[in-house]
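Have a look at the structure below before the remarks.
The values are calculated or read from the model by the stated rules, or taken from the named source; none is laboratory data. Everything numeric in this text was worked out from a predicted model, so none of it was measured. For neighbour counting, all protein chains shown are included, and Cβ atoms are generated from backbone atoms with ideal geometry for every residue, glycine included. When the accessible area is computed, the model is the full protein with side chains, heavy atoms only, and any ligands, DNA or RNA have been set aside. Shrake-Rupley method; radii C 1.70, N 1.55, O 1.52, S 1.80 Å.
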Amino acid sequence: MWYCFCKMIENEQQLYHLLEIYYELARQNEREKEKMLLEGMNLKLKMRDMKRRQKEMKKKSLKYKKLAQHDALTGLYNRTIFSQKLVPLFEEAKTLGKNIGVLIADINDFKQYNDYYGHVSGDHCIHDIAEIMRILCNDQIYFVRYGGDEFLGFFYDVEVAYVKQIAQHLYQEVKKLHVEHAKTLHYEKTISITIGCYYAIPKDMDDFFEFIAKADNELYRGKNNGISVNFPNE
């Protein structure tokens, strides 16, 4: 076939010219293939890099979201969790007839502890107590650093008996820390907490912050009556 083609060529110069054109076209074709292959590889690398960046951005977003929701000292939730999670759960409980429990815990004579032992020791104390609470958190139990030395527990669809059990557990675990507190009015002279609880199935007109206020009332009723863990009607 190639021989027949050559016979058709009038002279040698024309043959060389056609061969040059042929080889140039072949080289162009190879360059185009290489270019397309390189572009395909670059596209894959760009896609891989884009996915990596997206993954990193997602991780950073989750990290910043967690930082925004959590207290830096204790790792517990901060008050932003109220509007983002707890209030919606409270409203859901109204619709579904689920029990809601609220617990307020306060470190006894904490100002005196801070003044006597210093703020660094005070921070360590708060952190250690918060750690007891942190390990109890799940999708039904939330603990929040409510104030300087106050903590809030929120229980969604949890039996009243379990709320009581958790409250007693917290009180006993804090006692087991055996943190010296020479300036407390408590007879054992160690760090202790007082806990107030309120629980009910919320009605249509009930408000999330009313439940907090009622738990707070139980806390101060307990402090005034020398009761470490206080529940309604007890």
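Consider Glu131 carefully, then state whether it is closer than 25 Å to Asp204 by Cα and open to solvent by 40 Å² or more (accessible area, probe 1.4 Å). No: the conditions fail for Glu131.
Please go through segment 214-234 and pick out each residue that is open to solvent by 50 Å² or more (accessible area, probe 1.4 Å) and among the small types (Gly, Ala, Ser).
Gly226
Note on segment 166-213: residues that are in contact (Cβ under 8 Å) with a residue 40 or more places away in the chain, among the basic types (Lys, Arg) and surrounded by 13 or more Cβ atoms within 10 Å (Cβ to Cβ) total 1.
Here Leu89 meets the list (1) surrounded by 16 or more Cβ atoms within 10 Å (Cβ to Cβ); (2) without any contact (Cβ under 8 Å) to a residue 60 or more places away in the chain almost entirely, failing just condition (2).
Checking Asp139 against (1) open to solvent by less than 10 Å² (accessible area, probe 1.4 Å); (2) farther than 13 Å from Asp109 by Cα, which single condition isn't satisfied? Answer for Asp139: the failing condition is (1).
I'm trying to understand the selection: among the residues of segment 35-74, which are within 21 Å of Ile135 (Cα to Cα), in a helix (DSSP H, G or I) and modelled with pLDDT of 75 or more?
Gln69 - this is the single residue of segment 35-74 that is within 21 Å of Ile135 (Cα to Cα), in a helix (DSSP H, G or I) and modelled with pLDDT of 75 or more.
Of the residues screened, Tyr113 is not one that is touching a residue at least 60 places away in the same chain (Cβ under 8 Å), out of contact with any Pro (no Cβ under 8 Å at 6 or more places or on another chain), open to solvent by 40 Å² or more (accessible area, probe 1.4 Å) and of a type outside the set (S, T, N, Q). When Gly101 is tested against (1) over 21 Å from the mean Cα position of the chain (by Cα); (2) at pLDDT below 90; (3) closer than 29 Å to Val229 by Cβ, exactly one condition is not met: (2).
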